Amino acid sequence: MNRSRRRRALLVLFPVSVVMLAVAASAILFSLPTDFKTVLAIVLVAALAVIALIAAWQQGKLVQRYRTIKKELVQRSDDLHKQTERLAALHDLAQRLGSPLRMEEVLLQGAERVKTVLGVDAAHIHLVGDEGQTLKLETAVGAPGTFLAEEATLSMGECICGQAASSVQPIVVFDLHSDARATRVACKRHGYCSVASVPLRSRDRAMGILTVNSSAKREFSQPDLDLLTTLGNQLGAAIENAQFYSEMERRVQELSRQVEHLVVVQERERISREIHDGLAQALALLNMRVSVAQSLLVAGQTEQARKELAEAAEVIDTANRDVREAITALRLTSPKGAVFTPTLKEFVLDFGIRNNIETGFQAVDGARAVVLAPMAEVQLMRIIQEALTNVRKHARAQHAQVELTRRGTRLIVRIEDDGQGFDMDAMLTGQNKKNFGLTTMNERAASIGGLLDVRTQIGGGTRITVSVPCEPELSPERQVPLEEVTD
């Protein structure tokens, strides 16, 4: 039986015992002489009175003890609730700050959280300026606009916040009106009485200051100060991470611009080489044919001039096809985030129709919904364009096939024809004047982390395989039906 049960039992048994004692005393009195009865009655009454007083005193003491214990239990329960709430706030803030956040999000979440948990009227955060001599107000919750304007900039060591920043130590003020350290009047003018300011630490240096304001006089307890200090340390580390994240983002953007510029320059160089090797040579040949035809017409050799003009017309037709294919490839290059496969299918089928070559297209093993990076789309489209141009110009093929296959995070593209092929060894050793644009195709594949493989033999057709990185598969709602991309 525990202590409280014993006390309740005593409170019940004590009156019963007194009643039984009184009954026993009455029985004894009746059996004694009259003189003894009187004396004994007086003694018994006095004893019962003393016992009653003791009982009343003990009961009052027990009631008072009960009330004290109850009050302590309520206080401890309230303290436990507050401690749980603060630990939950620290845990929640730590989780939020653990992910990459922009500076504005880090500061706003920290100020809102500390204002809610401590129940203060306002919370604001100053960060140390680039020069290290000033504090700039970055975020505030609960403070009026006029106060924010007055506290926008502080000097290191100035007033409560500045001193907390310069000393890298927390400062608590119970009454601003009587504290000599409060050299600025903004807090007093706006009715704040108590202030607590803690540094936002990171590796023993102050990244800024977290300050809370209370309109009523408030003694910030040690648990309050511990919470502010812990939050300050969390925010200090998060601010440094956010600054690092912003700097890395800036550098990545700068590098991206440089890479894009370099890619544009390289693409211009490739296009200039292609124009020189293709269109420029075709125009030079056309100019020569026309000049020869003019000379033949002047000499009266009409039939020979007609042949020269016919060959000139073929040159024009070839150049026209090259230009149209280049324009089509550029036009069909899909924007970022679009599905690449339907775009490629349109280009391949258009190629077959324009050049009277039976051309098939197939996308298997998840390739129908593949997504490529924008630059990868451009380069891969130009590789396929060059391969099909070779089919038209050199292969003398009746059939061509383009097939897409996905292997994990790689997209495999095969362009195959049943044409006459060529001697690969002769081309590599320079014996074959034509290189079929393989150098440019290799450069394009390498620029996007791809690999190019060419298999051919004389009379056995040609197969070009290119493998490039691709993004993860699309979610079901973005999948493209198979029938839309496969013939």
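The values are calculated or read from the model by the stated rules, or taken from the named source; none is laboratory data. Quick caveat: nothing in here was measured; it's all calculated off a predicted structure. So basically every Cβ, Gly included, is an ideal-geometry build from the backbone, and we count neighbours across all protein chains shown. Accessible surface is based on the protein model in full, side chains and every heavy atom, while ligands, DNA and RNA are left aside. Shrake-Rupley method; radii C 1.70, N 1.55, O 1.52, S 1.80 Å.
Things to note:
- Ordering 227-234, 127-134, 354-361 by mean Cβ neighbour count within 10 Å, with the highest value first, yields 227-234, 354-361, 127-134.
- Mean accessible surface per residue for the stretch 169-311, computed with a 1.4 Å probe while every protein chain stays in place, in Å²: 58
- Mean Cβ neighbour count within 10 Å, used as a protection proxy, ranking 235-242, 292-299 highest first: 235-242, 292-299
- Area of L438 that stays accessible when all protein chains are in place (1.4 Å probe, Å², to 10): 10
- Of K61, K188, K345, the residue with the largest accessible area leads and the full order is K61, K188, K345 (1.4 Å probe).
- Fully extended contour minus Cα-Cα distance, from H177 to E314, at 0.36 nm per residue: 39.7 nm
- Note, ³J(HN,Hα) from phi for the stretch 113-120, Karplus 6.51, -1.76, 1.60, rounded to Hz, x at Gly and Pro: 5, 5, 5, 5, 5, 7, x, 8
- Heavy-atom accessible area for K217, with the other protein chains in place and a 1.4 Å probe, reaches approximately 120 Å².
- With only the Cα atoms considered, the stretch 193-269 has a convex hull volume of 96 Å³ per residue.
- Ordered from largest to smallest accessible area (heavy atoms of protein chains, 1.4 Å probe), the residues T318, T211 come out as T318, T211.
- Pairs from the list K70/K115; K307/K393; K71/K217 with a Cα-Cα gap above 27 Å: K70/K115.
- With only the Cα atoms considered, the stretch 220-262 has a convex hull volume of 35 Å³ per residue.
- In this view, the solvent-accessible surface of V50, computed with a 1.4 Å probe and all protein chains in place, comes to about 80 Å².
- Amide H within-cut-off set for H399, under 5 Å, with H built and near neighbours excluded: D418
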